[in-house]
Amino acid sequence: MEKRQHRRPPPPPPPLPFEIHTLDLEPDRPEHTQHMYKKGKKDMVFDSIPSFFNNIKSSNSDPYSEEYGNAVIVRAYPLGMVRANSNFNVEVGRESGVEPHKGLEFDSADDAREFYNVYATRVGFRTRTGQLYRSRSDGSVSSRRFVCSKEGFQLSSRTGCPAFIRVQRRDSGKWVIDQMHKDHNHELGDVEESHPPVLQQKAPMGRKSSVEVSSRKKLKLLAEVDDGQPCSSGSISVKWVRAGADGQPLAEPYAGLVFTSADEAYNFYVRYADEAGFKTRIGQLFRSKNDGSITSRRFVCSKEGFQHPSRVGCGAFMRIKRQESGTWMVDRLQKGHNHDLEPHTGTHKKSSTASKKFIDEVNGGLDSLDLLEINNGVHFNSSQGNNIGSEWYRLLLDYFQSRQAEDTGFFYSVEVDNGVCMSMFWADGRSRFACSQFGDVIVVDTSYRKTNYLVPFATFVGVNHHKQPVLLGCALIANESKESFIWLFRTWLRAMSGCRPKSIIADQDMAIQQAIAHVFPGTHHRFSMWQIREKERENLKSMSTEFNYEYEKCIYESQTNAEFNTMWNALVNKYGLKENAWLKEMYEKRESWVPLYLRGTFFAGIPMNESMESFFGTFLNAETPLGDFIARYEQGLEQRREEERKEDFNSSNLQAYLQTKEPIEEQCRRLYTLRVFQIFQKELLQCYNYLGIKSYEEGTISRYSVRRCGNEIEKHMVTFSASNFDVSCSCQMFEFEGVLCRHVLRVFIMLDIREIPSCYLLHRWTRNAEHGIVCDVDSGVSFQELKALMVWSLRETACKYIESGTTSLEKYRLACDIMREGAKKIYRHR
């Protein structure tokens, strides 16, 4: 049958009879194919594809019964097409044992690929599709390489095998082997015969490619041909599979499976995973070096990698590659898992029907457009408002995908409500690792609401071991509803491997309060000082200076609950404010903002009477224009991290001067970072201005009254247990900041305690805080969680090591020598 080259499609040809060339059940049970289908004949011929299926349907024997396996592959060609069109008949080659040689002609590159697969199966190796080369004049494919599967070194299973064939397109349209190498550098052996993928050709315009086939119980057809018409050219690859209990196809991916879009491929893999018993994630994507367009994507098992404690390094994945026709074909596949499966999880039903869902992209993602055109392009009105401009989604999603190519730990998630993108959250690998060290206290900064904002940009910020702000995630908040904040906090918790903070500083709004109580039960919520100050100006602006003085004294100088209540009641009675609604509300919520009630909770020493500075400072604000956002974001982030690197260097290479002869000073200088040691040293020097008097003793418990010399009013009670060295002070500085106060140090010196107990030297304030957290995990932590912490810790250390080792050629050589020595030591410990 002669090939046609038309710009416009010709009228549909009359139906051609089809001959069935490949009918295989499972590869290890070929006798079923022979018995059920061929019945001693080489081929079977039918009028059309539907007539073939009708023949199966009317057969007395059901080839799809339980005893005959899970699937059958049908390879059908128009009658005579293979023999008429192909210079080399692959089926003949399968039986005759033809060897590849220079000058061997094929009708298409697909025929050459199939021939090489057949040859490889016979000889004992597997193949992959290698490089392709394009014409410089028109960009069309001019040659292709098909290689041994062990070519290259990208995977541990590959050995750099040189075996390959290259086919080149001639002016006649034929493809000819012009280069080849037969020898392998590894042992050859028997391999299961694999069915080469068929390159799907574009159907003529005006015609769809699908066939209507009546479904049998538990049977579905994945690829169908419309109106019962056979296609006029090319081949049809049809895969029958056993259906699940709900009648849906129990689809099995295979190399060569073709999809019309990447989204369709992802949905297929999700359905397959659901039936098989595992969950999926979107893996890496690869872009063209020429135009930046996406050329291939990976969909992986959710347990791939080790970035999250629940992951176990599973190797299962499916990779699709974009074809010249615009379709996407499965070109690489790994079905095996290294963990137990849970059949029929039902995840795809939830994701396809839920009106509100998460799209979390940990290692790659679909195009920006895929997220904006959810539900087959049908847009619904969101049930809530959205303060994010639509142009922001495309900008940020493109940025997220580019970041994931550089940072495998990068995480982002998009909230979808009724098919509409809402809030967005993201955190890079360094932020996620920082949370494992410094996630005990977080500040949720939504100060964008101070102004008539253009960008509802919020940050999650912690405090590192240098008392510097450290970024733990960013978000664009679509609206200020309880549901939006619940989504945001849940997403942050997932990104941070379930690391729950001890305390949170966030705004006072009821939606935020309810969301924190819902997602972080037991976490102490402290109100943001900027919002309290703003409310004070709004509600107390008419009050006198005298009132402001007494108000400040009541709030910041009360030492006991009784003292605060007495001063508060006196204040509201004196100025006639009993019915002031705002003051009533603030009194009821006093445990979330009055220092007296916050001192017993760890807040990493973040001052209570002032606001924490914005992490991005002047780089970003609520009015930052779209075009400048990413550049300013990266500049601000890099500046903060450069400041952290400087402090790391100073703490490792500089020593503070000792100002006393106390052994505890030397102990803390050796352990603490410079900044935290300065805080401790100040408390130690101040303790000499205090006098301690034992006021109570019973057994091993002693109580001391510690007061400032010359000041009878300023005094605190220190309780000490000689049996276990437990100590506490009424000022609660250690509980609030994690550093022992001057009052406790005064008692230690009185008792000649020469070393501070380790429980009062918080690891988070030490020089090794960013490395030693792995060593401090409880024995109850799972191996996966421990491995994730170790991966993050080593990655962060390696990044800093690389930065230092590439500043000069001399440092680079030194770094290489150190790594070689380290590798030898690790090898000796195997």
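Each value in this text was obtained by applying a stated rule to the coordinates, not by laboratory testing. All values derive from a computational prediction rather than experimental measurement. Quick reminder, even Gly has a Cβ in these numbers, built from the backbone with ideal geometry, and neighbours come from all protein chains shown.
Note: relative contact order over segment 672-743, using C-alpha pairs below 8 Å and six or more positions apart, is 27 percent. Scoring 414-423, 743-752, 102-111, 124-133 by mean Cβ neighbours within 10 Å over their residues and listing the highest first yields 414-423, 743-752, 102-111, 124-133.
Taking all Cα pairs closer than 8 Å and separated by 6 or more residues, the relative contact order of segment 475-607 comes to 22 percent.
The share of C-alpha pairs in segment 424-542 whose separation exceeds 21 Å stands at 36 percent.
With the alpha-carbon atoms of segment 593-745 aligned to their principal axes, the span from lowest to highest coordinate is 69, 39, 32 Å, starting with the largest. Summary of the geometry: segment 563-608 and segment 494-557, compared by the centres of their Cα atoms, lie 11 Å apart. Quick check: Cα centre of segment 693-745 to Cα centre of segment 264-293, how many Å? Between the Cα centres of segment 693-745 and segment 264-293 lies a distance of 61 Å. Give the Debye-formula value of log10 I(q)/I(0) at each listed q (0.11, 0.13 Å⁻¹), with one equal scatterer per alpha carbon of segment 516-606, two decimals each. Values returned for q = 0.11, 0.13 Å⁻¹ are -0.34, -0.48. Take 258-266, 538-546, 283-291 and order them by the average number of nearby Cβ atoms within 10 Å per residue, most first; the result is 258-266, 283-291, 538-546. Counting only Cα atoms, segment 676-747 measures 36, 29, 17 Å along its principal axes, largest extent leading.
Segment 810-830 and segment 648-680 have their alpha-carbon centroids 30 Å apart. Across segment 467-529, the relative contact order, built from alpha-carbon pairs under 8 Å that are at least six residues apart, equals 34 percent.
Using the alpha carbons of segment 447-512, what is the convex hull volume per residue in cubic angstrom, as a whole number? Looking at segment 447-512, the number lands at 109 Å³ per residue.
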